[in-house]
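The values are calculated or read from the model by the stated rules, or taken from the named source; none is laboratory data. Remember, it's a predicted structure, so these values are computed and weren't measured experimentally. Glycine also receives a Cβ, built like all others from the backbone with ideal geometry; neighbour counts cover every protein chain displayed. Calculation scope for accessible area: heavy atoms of the full protein, side chains included, ligands and nucleic acids excluded. Shrake-Rupley method; radii C 1.70, N 1.55, O 1.52, S 1.80 Å.
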Amino acid sequence: MGETGLRERKKRRMYEDVSDIAVRLFLAKGFDAVSVAEVAAAAGISKPTLFRYFPVKEDLVLHRIADHETETARLVAGAASPVGAVRDHFLDGLRRNDPITGLNDHPQVLAFHTLLNSTATLVARQHVYLERSEAALAEALGGTLDARLAAGQIIAVQRILAQDNWRRIAAGERVDAVREDAVAAAERAFGRLERVLGDPAELPERRPE
């Protein structure tokens with residue numbers, strides 16, 4: 001492995017390790033009760049070093065789902081049917097109990113989602129994450145106004161479906177009891193979205209550079 005590759009690997013490892021330490025502290029004590037200085041001390045790094053990796057405290061938590069930020073944009077790149085590609089991926093996630101779909105009742109996953117959705121500043125930071133996901137998807141769809149409108153609808157459908165699944169699981173329902181409804185809801189929602197958006201080929205051409 002080259003020097004550049006090794007540096008990148010160490011950097012990714014640092015992100016993961018510090019984020020894991022922070023999330024454990026937040027779950028144990030509460031997000032607002034743990035300072036950035038406490039996280040840095042637990043990770044064995046200085047506070048300025050921590051801020052170089054995580055500009056705001058909330059990013060210590062959001063890092064766990066950072067890989068999904070551009071996932072939808074990557075899915076639609078070159079796809080004959082963008083909505084179909086997203087639908088198939090979401091349905092596959094439901095089959096795999098992917099936490100991003102909300103259909104996962106592992107105690108640690110539930111605890112993380114509770115932290116994420118019950119802390120006001122984390123909820124606000126998620127909106128920034130969703131805006132970036134939407135912008136990346138819009139660019140993948142062509143970057144036009146119509147592409148932005150389509151991206152907003154696709155991201156909203158994913159978010160609402162996952163949120164509904166999580167709320168049912170958090171209320172005490174088991175995955176096996178929710179799965180059939182979750183699959184049906186996803187198929188129905190994406191089917192409606194596909195009819196509304198029409199043939200992806202009808203989206204206007206990419207805006208001029």
Do we have any residue at all in the range 39-53 that's closer than 27 Å to Ile155 by Cα and either open to solvent by 30 Å² or more (accessible area, probe 1.4 Å) or of a type in the set (Phe, Trp, Tyr) (or both)? yes
Being closer than 28 Å to Asp17 by Cα and in contact with a His (Cβ under 6 Å, 6 or more places away or on another chain) is the requirement here; does Ile100 meet it? yes
What single numbered condition from (1) in contact (Cβ under 8 Å) with a residue 60 or more places away in the chain; (2) under 17 Å from Gly84 (Cα atoms); (3) of a type in the set (D, E, K, R) fails to hold for Arg159? (1)
Across the range 66-116, which residue is nearest to Gly172 (Cα to Cα) among those that are among the β-branched types (Val, Ile, Thr) and open to solvent by 50 Å² or more (accessible area, probe 1.4 Å)? Thr114
Ser35 passes all but one of the listed conditions (1) polar (S, T, N, Q); (2) under 18 Å from Ile160 (Cα atoms); (3) open to solvent by less than 60 Å² (accessible area, probe 1.4 Å); (4) over 14 Å from the mean Cα position of the chain (by Cα); the exception is number (2)
Can you say whether Val196 is under 16 Å from Thr101 (Cα atoms) and of a type in the set (A, V, I, L, M, F, W, C), as far as the supplied structure shows? no
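In the range 131-154, which residues are among the hydrophobic types (A, V, I, L, M, F, W, C) and either touching a strand residue (DSSP E or B) at 6+ places or on another chain (Cβ under 9 Å) or open to solvent by 80 Å² or more (accessible area, probe 1.4 Å) (or both)?
Within the range 131-154, Leu145, Leu149 qualify.
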Over the range 72-81, the set of residues in contact (Cβ under 8 Å) with a residue 60 or more places away in the chain and over 17 Å from Phe190 (Cα atoms) is Arg74, Ala77
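Here's the yes/no breakdown for (1) at pLDDT 95 or above; (2) under 16 Å from the mean Cα position of the chain (by Cα); (3) open to solvent by less than 60 Å² (accessible area, probe 1.4 Å); (4) farther than 30 Å from Asp59 by Cβ:
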residue	(1), (2), (3), (4)
Ala156	yes, yes, yes, no
Val175	yes, no, yes, no
Arg195	no, no, no, yes
Pro200	no, no, yes, yes
When both residues are 6+ apart or on different chains and their Cβ atoms are under 8 Å apart, which pairs have a first residue that lies in the range 102-126 and is closer than 16 Å to Arg159 by Cα, and a second that is in a loop (DSSP other than H, G, I, E, B) and open to solvent by 30 Å² or more (accessible area, probe 1.4 Å)? Leu103/Asn97; Asn104/Asn97; Leu122/Glu58; Ala124/Glu58; Arg125/Val56; Arg125/Glu58
Please list, ordered by residue number, the helices (runs of 4 or more DSSP H) wholly in the range 1-113 having 3 or more residues that are in contact with a Lys or Arg (Cβ under 9 Å, 6 or more places away or on another chain). 3-29, 36-43, 59-62
